[in-house]
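One structure is given here, and the rest of the page talks about it.
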Amino acid sequence: PAVTVVEICVEDAVGVRRARDGGADRIEICTDLSCGGLTPAFDEVASALEVAPEGGVQVLVRPRPGNFVHSREEVSRIASDIVTLSAIGRGAPVRLGFVVGVLNADGTLHAAARLRDVAEDAPLTFHRAFDQVRDQDRGLDVLMELGYDRVLTTGGDPAVAQPAVLARLVERGGEDIIILVSGGLRAHNVAEVVAASGASEVHMRAPGVSGTDRAEVERIVSALHG
């Protein structure tokens, strides 16, 4: 199979450097991983861009913990944060992308077109809110039509990657959208999930005693690349 892109989720620039040195292709930066992550401090993003791997930095733009049914004010805040961060990303040594996701109460996508417009030509990922989308096939079609680059998903489970569902999404997305596979992935199981799902990209943490662990990143990369 093609070489799998490894995206490591980190909370600060120290984690970015460790992930890069461990062989990660790309990083996602957020704060407060305990609740699934929130928008990080802008200066942390600026620092991350300076030490990131070549594949660049994805920044989570999520204004509060809890569900993904955001108010109009919250959607406007997500949009304005993207504008501010885009300015920080200009002239950086690597590309800055955004990770967003807003839902309606009925489990359909909300504000997806607006956020694609605001992000302009930056890489854009629809995050794990996708796992709460009622009709994932339809949701994926909409995101493809809007020009999203990736969907971060377990295949619908709250915590664990579902290889059969992911394989179907990978096939449906084809060349048009990347399924960024996540859900309890670690060095010991990532190769198996990739083989079963056909994923071209994976997303996971590499936790150690003091944040991101470079050695764990190395184990993940070697599990996939031999």
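Look at where the Cα atoms of the range 210-224 and of the range 1-60 average out, and the two centres are 13 Å apart. For the range 66-82, the Karplus equation 6.51 cos²θ - 1.76 cosθ + 1.60, evaluated at θ = phi - 60°, returns couplings of x, 6, 10, 8, 8, 6, 4, 5, 5, 5, 5, 5, 4, 4, 5, 5, 4 Hz by residue, with Gly and Pro reported as x.
Give me the net charge of GLU120's neighbourhood, meaning all other residues with Cβ under 13 Å from the Cβ of GLU120; Lys, Arg count +1, Asp, Glu -1.
+1
Normalised by the number of residues in the range 1-123, the average gap of Cα pairs under 8 Å and 6 or more apart makes the relative contact order 21 percent.
Surface composition of the range 14-61: carbon and sulfur atoms hold 44% of the protein heavy-atom accessible area at a 1.4 Å probe.
If you average 1/r over all unlike Cα pairs in the range 72-111 and invert the result, what Kirkwood radius do you get in angstrom?
11.7
Per-atom-type breakdown for the range 175-226 gives carbon and sulfur 48% of the accessible area (1.4 Å probe, protein chains only). Size estimate for the chain follows the Kirkwood approach: the inverse of mean 1/r over distinct Cα pairs works out to 17.2 Å. Contact order, relative form, for the chain: 20 percent (alpha carbon pairs under 8 Å, 6 or more residues apart, mean separation divided by residue count). Under a no-solvent Debye model with one identical scatterer per Cα of the range 7-128, what's log10 I(q)/I(0) at q = 0.13, 0.22, 0.23 Å⁻¹? Debye intensities relative to I(0), on a log10 scale: -0.47, -1.25, -1.34. Taking every protein chain into account, the accessible area of the range 169-226 amounts to 48 square angstrom per residue (probe 1.4 Å). Neighbours of PRO63 by Cβ distance under 11 Å: Lys/Arg scored +1, Asp/Glu scored -1, total 0. Once backbone amide H atoms are built at 1.01 Å from N, GLY97 has VAL57, GLN58, VAL59 as its partners under 5 Å, excluding neighbours fewer than 5 places away on the same chain.
The values are calculated or read from the model by the stated rules, or taken from the named source; none is laboratory data. Bear in mind the structure is a predicted one, so any value in this text is a computation, not a measurement. For neighbour counting, all protein chains shown are included, and Cβ atoms are generated from backbone atoms with ideal geometry for every residue, glycine included. Just the protein is used for accessible areas: all its heavy atoms, side chains included, with ligands, DNA and RNA removed. Shrake-Rupley method; radii C 1.70, N 1.55, O 1.52, S 1.80 Å.
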